[in-house]
Amino acid sequence: MGADNKFKIGIFAANCSGGIACTTVPERWEPTWENNLEISKLADDAGLEFMLPLGRWAGYGGETDHNGTSFETLIWAAGILTATKRILAFSTLHVALVHPVFAAKQIVTADHIGAGRFGLNIVCGWNKDEFGMFGHSLEEHARRYEQGIEWLEIVKKIWTETEPFDYDGEFYQLENVRAQPKPISEPWPVIMNAGQSGPGLNFAVNNADFLFRAIQHIDAAKADVASVLEQSQSLGRSIGILTNCTVVCRPTEKEARDYHQYYAVDHADDDAVERIYTGRGIKDNPDLSDAVKADIRNRIASGNSAYPIIGDPDQVASEMKTLSDLGFSGIAMGLVNYVDHFPYFRDEVLPRLEALGLRTAVENE
């Protein structure tokens, strides 16, 4: 994950139609395999740290059926790894939907394909509709993370134990478990989780190398990051904190803001936005003001609730410097069209981040 770079950058959600932008504009992202290969190679050559997919099984409807076309993330990651040299490819796995013995073998296979460049993003689940597709009910929130703890414990034992073992848990009862080969990554692949509060945050702090943390209000982000790091350090662990951002970078601030208005407001996929807005419990949350709800709704259209970074190259680099100063290790970045919009970011923003001491120049053969 780019130990030489203080501020890490990854491409987020390229495996799904629309990426994170819930928009109807004609240039919106189409996740063909050819497009995924192209952006992964561009990101790899530019020295970005990772590719992070969304774990999605169904779309959100609306005019575009936002995220309705998607690649399964583990095979997607393995394919990305065969086409790249340095970048790490994550898989986003729902633990309740994939048996740990099967998952452990899949992950080791991908880890060998990538020569240690595979990462695991663990999701314990939130989408009732998607769980219903598998015949699963969505367990009470804490129970999902209890299952996640057992799942990860089993997977880690498979990766490290040299002798067969039994496992007698609440969710899994297994006999004579064994598997070869072991991971190339030592002791196992990089683990990410997006637990936000309560049991989810505890799960992440105890088990993840990187925590995917949303920014609701930039003014509160510093205290939030400090609290997470303190909790991690109290357990004798060190955890990196990433956040998701939608980036709109143009030669001038006006051009950037006009483009954001164009895709996220004037051409938002309103029905899909409404489904996300309602399904996540935001619409009926009595603790949120109308102003906060309106801001969240706009951010859903802009980038699946991601923190927006909008401006000219100097402003975008400055915003990323601010995130770094707040304690964030980096971002997972969404663009309206990754292949079309990334080259300008690469050519204009990355050199500025290097000048700020957040990244080092990449040397390509």
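Listed values, structure above:
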{"read-out": "Residue 76 - accessible surface, heavy atoms, 1.4 Å probe, Å² rounded to 10", "value": "10 Å²"}
{"read-out": "Gain on full stretching of the segment that runs from residue 75 to residue 356 - 0.36 nm per residue minus C-alpha separation", "value": "97.5 nm"}
{"read-out": "Accessible area per residue, Å², the chain with all protein chains present, probe 1.4 Å", "value": "43 Å²"}
{"read-out": "Shape parameters for segment 167-268, alpha-carbon atoms, Rg then Dmax in Å", "value": "20.2, 63"}
{"read-out": "Virtual paramagnetic centre 7 Å along Cα→Cβ of residue 206, amide N under 14 Å, in segment 234-253", "value": "235-237"}
{"read-out": "Against the rule of thumb 2.2 N^0.38 Å, how large the Cα Rg of segment 1-157 comes out", "value": "1.07"}
{"read-out": "For q = 0.18, 0.21, 0.25, 0.26 Å⁻¹, Debye-computed log10 I/I(0) when each Cα of segment 247-334 counts as one equal scatterer", "value": "-0.88, -1.04, -1.17, -1.20"}
{"read-out": "Straight-distance crosslink candidates among lysines, where the alpha carbon sits under 19 Å from residue 105 and sequence neighbours closer than 8 are dropped", "value": "156, 157, 182"}
{"read-out": "Probe 1.4 Å, all protein chains present, accessible-area order of 192, 1, largest first", "value": "1, 192"}
{"read-out": "Debye log10 I(q)/I(0) for segment 210-270, one point scatterer per Cα, at q = 0.28 Å⁻¹", "value": "-1.10"}
{"read-out": "Percent accessible area from carbon and sulfur atoms, segment 182-310, protein chains only, probe 1.4 Å", "value": "50 percent"}
{"read-out": "Taking N as its residue count, the alpha carbon Rg of the chain over 2.2 N^0.38 Å", "value": "0.96"}
{"read-out": "Dipole-positive endmost among 212, 263, 309 within segment 208-322 (Cβ charges, Cα centre)", "value": "212"}
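The values are calculated or read from the model by the stated rules, or taken from the named source; none is laboratory data. Given the structure is predicted, the values throughout are model-derived calculations rather than measurements. Ideal geometry is used to build each Cβ from the backbone, glycine not excepted, and the neighbour counts take in all protein chains shown. Heads up: the accessible areas ignore ligands, DNA and RNA and are worked out on the full protein's heavy atoms, side chains in. Shrake-Rupley method; radii C 1.70, N 1.55, O 1.52, S 1.80 Å.
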